[in-house]
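We did not get these values from a lab; they are worked out from the coordinates using the rules stated. Since we're looking at a predicted model, the values are computed, not measured. Please note: Cβ atoms are built from the backbone with ideal geometry, for glycine as well, and neighbour counts cover all protein chains shown.
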Amino acid sequence: MNKIVECVPNFSEGRRKEVVDAIVDAITAGGNVRLIDREMDADHNRSVVTFVGEPEECVNAAFAGVKRAAELIDLNKHTGEHPRIGATDVVPFIPVKNISMEECVELANRLGKKIADELSIPVYLYEEAATKPSRKNLANIRKGQFEGLKKAIEEDPERKPDFGYAKIHPTAGATVVGARYYLIAFNVNLRTDDLSIAKKIAKSIRFKNGGFRFIKAMGFAIKERGIVQVSMNMTNYQKTSLFHAFEFIKREAERYGVLIAGSELVGLTPMEAIIDVADYYLRFENPIKEQILENKIWEDEGILPKGYLSSLSSDSPAPGGGSVAALDAAQAAALAEMVARLTVGKKKYAEFENEMKDIIKKSSELRQLFTDRIRKDIDAFNEVMKAYKMPKETDEEKAIRKEAIKEATIKAIDSPMEIIENSIPVFEILYKLAIHGNTNAISDVGVASLNMQTAFKSAAYNVYINFIPSLSEDYIEEKKEKIISVKTKIEEYAEKIEKKVSEKIGI
């Protein structure tokens, strides 16, 4: 994965395992995502599912989960401690790696529109995706819950949804979709059954009542244990830490003669948040974050991760030649970017400054595109294998399987074709660098050209091997003509680049 998004949908069901299982199954089948956590809470009657993946896959998986939840959960029959307005109550997108918050906001908008259009469930946008200040806070949107929203959504203009009609879905309610930073669900349990104490402490700690800036809190009764709970959403653990919240609740509880029974996390939390707690209580005098074993283990394994090479050398057919072709192309673009950066700022090449800056931008974009293709090729191959494993007992099954194989194969062709189609821009850049780039890095231009030539040929191999009988002759001929056309152009560029490099090196 290159761009990684975390998605944490909350569903209004925490007592029927079979329902939650069905929703989770729909999520994992709906998109190529990695399920990393699921939590069920019977008292709150709520489940929190956490998965990660590339942006498009996360949108697909989230939609599949929302759709299944709408089929299985009837809010008219739902009771629980946690506020809710929908079968799928909230779906946040969180940027993890190589993706901006703005991109996550765009994902939220796409998902929200899709839910409203295809499932007839009204959708509100919250947090960073909010369309008005009052909707940034999830609590404002949930005001009145499912029961209260039934009437308010139709009569109060302020409650009109961002997507869909101003009419609540009869069983699935409404859904809130948004984009936010990491949120930690942190609960502190008190050794008392007096709910008023938990509510008083929650009121004193939450921001809207004058408490900590990045804490939302409520008091709940945990009836089966005979205790109460201060349940918190920590919306920025770096500015309001877990230990600050815990210590405050501990002191407030002591005022009422109550002890702490324990604390709990719901869902996942960044390791940094826990390290901060350990650092606070143990008072380390050295930089503890640099001494965490797992941090050292999880650091990048050299220039090229060993995990990738291990996977490549295994008996699994993916990753294979297609992803290697993408890697070669990414290396070519990266080398071009490097040479341009080594040229910028040098007096000798001052007249080419703007040209080099433009090359840096274009090379970076191409590097990103090719890097994305490494994973895309693996995913496409796996989809083909999945299609071939479909049942083929009846004529209907055979027809469905045949069509699935055809569609998956076309996607498998699309990935290497993207490498082929973007080869010419790389050679155009390399030719400019061969003429105007820093002479001390001219050998890198030559290496980049060889890498791109290899990438092109490798990608072509992976297109041709996927030409199966079910593909139309016109489709196949179109791809062949494109490959031949690109091949002619890049051979011309490659010859000119080699000549320039050889002249400057003295070969």
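For the reader, a short list of remarks on this structure follows.
- Folded to 0 to 90 degrees: helix 271-282 orientation relative to the chain principal axis, Cα: 60 degrees
- The tail of the calculated P(r) for the range 390-451, taken as Cα-Cα distances beyond 19 Å, holds 57 percent of the pairs.
- Using alpha-carbon coordinates, inclination of helix 101-119 to the longest axis of the chain, degrees: 70 degrees
- Coil-residue trypsin sites (Lys or Arg not before Pro) of the range 197-248, DSSP, other Cβ within 10 Å capped at 11: 213, 239
- Panel values: the chain, Kirkwood radius from alpha carbon pairs, Stokes-Einstein at 25 °C and 0.890 mPa s, translational diffusion coefficient 93 µm²/s.
- Under the criterion of Cα pairs below 8 Å and six or more residues apart, the relative contact order for the chain equals 10 percent.
- Selection of GluC sites (Glu not before Pro), the range 133-240, meeting DSSP coil and at most 14 other Cβ within 10 Å: 224
- Helix axis angle, 145-155 relative to the chain longest principal axis, alpha carbon, degrees: 80 degrees
- Gain in span if fully extended, residue 473 to residue 390, counting 0.36 nm per residue against the direct Cα distance: 27.4 nm
- Cα-Cα separations in the range 29-97 greater than 18 Å, expressed as whole percent: 40 percent
- A cut-off of 5 Å between modelled amide H atoms, ignoring neighbours fewer than 5 places along the same chain, links residue 46 with 13, 14, 41.
- Inter-label distance for residue 224 and residue 251, nm, one decimal - labels placed 7 Å from Cα along Cα-to-Cβ: 3.5 nm
- For the chain, adding -39500 (n - 2.57) for each run of n ≥ 4 DSSP H residues and dividing by the number of residues yields -18000 deg cm²/dmol at 222 nm.
- Using a Förster distance of 22 Å, the FRET efficiency for residue 74-residue 140 (Cβ separation, nearest 0.05): 0.30
- Debye-formula intensities of the range 4-179, expressed as log10 I(q)/I(0) at q = 0.08, 0.13, 0.14, 0.15 Å⁻¹, are -0.20, -0.55, -0.65, -0.75 (one equal scatterer per alpha-carbon, no solvent).
- Label-zone membership for the range 200-228, site residue 193, 7 angstrom Cα→C-beta point, backbone N under 16 Å: 220-228
- If only the Cβ of Lys and Arg carry +1 and only the Cβ of Asp and Glu carry -1, the dipole of the range 21-142 around its Cα centre is close to 360 debye.
- Dipole magnitude of the chain, debye to nearest 20 (Cβ charges: Lys/Arg +1, Asp/Glu -1, about Cα centre): 1500 debye
- Label zone at residue 424 (point 7 Å along Cα-to-Cβ), backbone N below 12 Å, the range 330-354: none
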